[in-house]
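Participant: Questions regarding the structure given below will be posed in turn.
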Amino acid sequence: MNHIVQTGETLSLIARNYRRTLQQLLTSNPNINPNLIYPGQSITIPGLPDPQSIPYRITISLNQRILTLYKNNTPIKKFPIAIGKMLTRTPVGQFVVVNREPNPGGPFGSMWLTLSKVGYGIHGTNNPSSIGKAVSQGCVRMYNKDVLELASIVPNGTYVSINP
């Protein structure tokens, strides 16, 4: 897949966001100078499919606290979610699912889907009463059964749009 560099991003930050090493990015992008990247530049992210090639996409409405799963641009399922609280808001923007971890332990429930922003993901919860509320550290929480269903459908590389 390709990432378009945004203002303020460094190659090291892009590597961390996509859980790749700096060396992996340099190997996949032999013609770039790691010290001279610029907004609008395309960086190849190794090991992830092009999100355009995936029939699924996810939109998250923070105001409605709903995650909607689309297939071929048709909504097929809506899930209730919990979002970040006032001091640790869920980031707004465009991301992709980078990887996943079943049974991550702690408060993260039965599944963790890592987003292409360091420290953020879509995950289950060990506190189902939190769903529908603004209580997380910025991640998107789902009921465990719902995140397992979502993870069984969407592959890594799936586009995720988080909107206000």
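The values are calculated or read from the model by the stated rules, or taken from the named source; none is laboratory data. Remember, predicted model here, so these are calculated numbers, not experimental data. Cβ: placed from backbone, ideal geometry, glycine included. Neighbour counts: every protein chain shown. Ligands, DNA and RNA are excluded from the accessible area calculation, which covers all protein heavy atoms including side chains. Shrake-Rupley method; radii C 1.70, N 1.55, O 1.52, S 1.80 Å.
Participant: Residues in the range 70-89, backbone N under 15 Å from the label point at V135 (7 Å along the Cα-to-beta-carbon vector): list them, ranges by number please.
Facilitator: Within reach of a label on V135, which here means backbone N under 15 Å from a point 7 Å along Cα→Cβ, the range 70-89 contributes 80-86.
Participant: Kirkwood hydrodynamic radius for the range 60-150: how many Å is it when counted over pairs of different Cα atoms?
Facilitator: 13.0 Å
Participant: Say a paramagnetic label sat at a point 7 Å from the Cα of M86, along Cα to Cβ; which residues of the range 134-164 have their backbone N under 17 Å from it?
Facilitator: Inside the label zone: 134-138.
Participant: What FRET efficiency comes out for N126 versus S42 if R0 is 35 angstrom and r is the Cβ-Cβ distance? Round to the nearest 0.05.
Facilitator: Computed FRET efficiency for N126 and S42 comes out at 0.30.
Participant: Per residue, how much accessible surface does the chain expose to a 1.4 Å probe? Answer in Å², no decimals.
Facilitator: 51 Å²
Participant: Rg/Rh for the chain to two decimals, with Rh computed the Kirkwood way over all alpha-carbon pairs.
Facilitator: 0.98
Participant: Considering only protein heavy atoms and a probe of 1.4 Å, how much of the accessible area of the range 34-101 is carbon and sulfur, as a whole percent?
Facilitator: 51 percent
Participant: Can you compute the modelled spin-label distance between L26 and N163, with each label point 7 Å from Cα toward Cβ, in nm?
Facilitator: 4.1 nm
Participant: With an 8 Å cut-off on Cα pairs and a minimum separation of 6 or more residues, tell me the relative contact order of the chain in percent.
Facilitator: 25 percent
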